[in-house]
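What follows is a single structure, written as C-alpha cells, with notes after it.
Computed from the coordinates by the stated procedures, all read-outs in this text should not be read as laboratory data. As the structure is a prediction and not an experimental result, all values here were calculated from the model. In this analysis, Cβ positions are derived from the backbone assuming ideal geometry, glycine residues included, and neighbour counts consider all displayed protein chains.
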Amino acid sequence: MKKIITILICGVLTQCAFANTLEVCPACALSSITKAIALAQPCDSIFVHGGVYKEGNIVVDKELTFIGINWPVIDGENGTEILTVTANQFFIEGFQIQNAGSSYVEDRAGIRIKKGRDFTIRHNKFYDAVFAIYLQHAADGIVDGNTVVSHALNQANSGNAIHMWYCENIRVINNFVTGNRDGIYLEFVNNSTIANNISQGNLRYGLHFMFSNHDNYFGNTFRENGAGVAVMYSKFIDMRHNLFEQNWGPASYGLLLKDINDSQIHLNEFRENTIGVFIETSNRLDITQNNFVQNGWAMRMSGGCQFANFTKNNFISNSFDLAVTSAGTTNSFDGNYWNDYSGYDLDRDGVGDVPHRPMKLFSYVVSRTPEAMVLLRSLFIDILNFSEKVSPIFTPEAVIDNQPLMKKCQFIPDKLGTVTGSNDSRTAGATIIPEEIPAEL
C-alpha cells in the first residue's frame, strides 16, 4: 500500500514539474480561453493577454493557473455564469470579469468554486457579476485584493459580492466591494477569517453571517450599507478593530447580533449609525474597549440576553446611549465612560463615586412609540429624564454602571497577527484599490 501511495505522489510531482505555459490573445494562434483549457494539462499555466473574451460559461476542470496580462476582460454578456471551477488548486489573477447573467431560478457567478480546495482568487476586478465570487462546498482558499462593483437596484435580482456556502478555512482579505445585495455573505462557514476589507454602499448588509462558527473578522470597514452587519445563529465569533459607520435607515444598525453565543466584540468603532449595536437573544458576550460615537442609539438590547459583559467602552455624543427592553440581572455594565455622566470623583481614583444609569426614560418611551422622537432635545424631555434619574420607576434597575469612568478609555491595540494571502510566488502585483474603478462604472 505504501508503495502505491509513493508512486502516486511521485507521479503528481513529476507531472507538475514539467508543467507548460499556454499563451492566449486575440491575435494568437490560441485565441480562446476554453480551447486553452482543453489543451492544457494539470498544473499548466495559461497567460491571457489584454482583450475581450466572450465565451459563455467557461468550465475549469483541472488544476490550472490563470494569469491576466494588461487586464483581459471575460464578458458573460448578461447571459450566463462566467467561470465555473470544479478542480482543486485553482489560481487566477489579473482579470476583469463582468456581466454575468441574472436569473430568478439559479445563482450565477463571476467565478464559482464547486467543491474545490487550495484555490486563490487574487487581484481581479468584477463588474456587475451578480454573485461575483461564489464559494460552494469549498475549503482552504484565499480571496485577496479583489474589487467588486455592482449596480444593484433591488434585492430580488441582485447577488452578493463574495458568497460562501458550506465552506471551511477561507481567508477573505483586502477586498473592496460595493453596490451588491450583501457585501460578504457566510452561511455554514467555519474557521474562516474576514480581514481588512472595505464593504460599502450595499443594499442589505455589508457583512452577513448565518450558522457559522469559530470565525473572526477584523480590520474591516462597513460603511453606508442598508443595514450594516448581521451576525446570526452563530457562536465563537471574534470581532476586532472594525469600523462601522454611517449605516442609516429606519431599521439600520452598525452591528446586529441575533442568537449569538460565546463571542467577543473588542476594539471596534461604531460611528454615526442609526443603532450602533442591536443585540437579541444572545448570551455570554464580551463587549469591551469599543467606541460608540454620534449614533442614534449606541446600543439596544432586547430580552433574552444573559451573561453579557460591557466594560471599558466609550459612549460619546450619542442621542441615546442605551435602550434595554428587559435587562437580565446577569448582565454587567460596570466600568464604562459615558460623556453625559454628571457625577463626581472625590477620591480621584478615576471612578465616579455615584453610579450612572445610562438608560434615559425618553429612550424607553421612543423604543415603544417612535413618533415621540419629535420631542427630542425639548425642555419637557430634559425634565422627564431628570425626574427618572432622581427616582427611577420605568427604566430597569439592573441597567446601571456602578463604576463609571471619569475619563475616556485609551485603548492599546492588541496584536492580531498578520493575515496574508497566498505564499504562491507565481506573480506579484499591487492590491486593487477603489480609485482604480473606471469612471464610467
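What to note about this one:
- In percent, rounded to a whole number, the relative contact order of region 71-180 is 23, using alpha-carbon pairs under 8 Å and six or more apart.
- For chymotrypsin sites (Phe, Trp or Tyr not before Pro), the sites in region 312-348 that DSSP calls loop and that have at most 13 other Cβ atoms within 10 Å are TYR344.
- Members of LYS62/LYS114; LYS312/LYS408; LYS312/LYS407; LYS115/LYS235 lying beyond 20 Å, as alpha-carbon distances in this model show: LYS115/LYS235
- Between TRP71 and MET210, the simple spin-label model (points 7 angstrom out along Cα→Cβ) gives 3.4 nm.
- FRET efficiency for PHE236 and LEU39, using Cβ-Cβ distance with R0 set to 51 Å, rounded to 0.05: 0.65
- Cut-off 17 Å, label 7 Å out along Cα→Cβ of ASN191, residues of region 78-96 by amide N: none
- Centre-to-centre separation between the Cα atoms of region 59-97 and those of region 164-209: 20 Å.
- Chymotrypsin sites (Phe, Trp or Tyr not before Pro) within region 11-93, DSSP loop, no more than 13 other Cβ atoms inside 10 Å: PHE18
- Extended-chain gain in nm, criterion 0.36 nm per residue less alpha-carbon gap, GLU397 and LYS54: 116.9 nm
- Summarising the label geometry, the points placed 7 Å from Cα in the beta-carbon direction at TRP165 and ALA29 lie 4.2 nm from one another.
- Taking amide H positions as modeled 1.01 Å from N, with prolines and chain starts lacking one, the residues under 5 Å from VAL130 and 5 or more places away or on another chain are ALA100.
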